[in-house]
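Notes for the one structure printed next.
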Amino acid sequence: MIYVNAEIDAILLSRVLITAIILNGLYFAGSYLLDKLFGDMCANEIVQKLQSPNGDKVAYISQRDCGTTIGALYQLSLLDSDEKLPNKSGNSFVSDDQFQIKWIKNDKLRVNHKKSPETYEMDKNVDWTKIEYIGN
């Protein structure tokens, strides 16, 4: 009697494990397929490109639109001059409102922005470049 219950438990356990493995595989395959088909729904439109005084760095202001109801966001990316702007979120400053930038020195950038709760990121350093924020 105990032997029969153990065999039934082993059969049930193996069925549950096989079902879990199949569902897990379907989940990851579906996620991969959806990412390949729809993963790059966002787009960056360059608003301003400004080289540092010595030409080593480039500051990009871009408007990133992902087609959501939130709307487009203005973003700042600081890159080496030989890099292209990737189709990713900005690497230093993100805001709902447009802003202005100005190089102060080769390693210092000033951002003039509207003080707002819709400012999502304000990094003070990116790759050895200091960023100074002035809120109006």
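Quick notes
- Test: residue in segment 79-88 that is among the basic types (Lys, Arg), closer than 23 Å to Ala43 by Cβ and either outside the structural domain of Val47 (by TED's automatic domain parsing) or under 14 Å from the mean Cα position of the chain (by Cα) (or both): yes
- Extreme residue, farthest from Asn112 (Cα to Cα), among residues of segment 40-90 that are among the small types (Gly, Ala, Ser) and surrounded by fewer than 14 Cβ atoms within 10 Å (Cβ to Cβ): Gly67
- Taking segment 64-93 as the range and being among the polar types (S, T, N, Q) and touching a residue at least 24 places away in the same chain (Cβ under 8 Å) as the test, the residues that pass are Gln75, Ser81, Asn87, Ser89, Asn91, Ser92.
- From the options Leu17, Leu26, residue that is surrounded by 10 or more Cβ atoms within 10 Å (Cβ to Cβ), at pLDDT below 85, over 30 Å from Lys114 (Cβ atoms) and of a type in the set (A, V, I, L, M, F, W, C): Leu26
The values are calculated or read from the model by the stated rules, or taken from the named source; none is laboratory data. Computed from a predicted structure; not experimentally measured. Neighbour counts run over all protein chains shown; Cβ positions are idealised from the backbone, glycine included.
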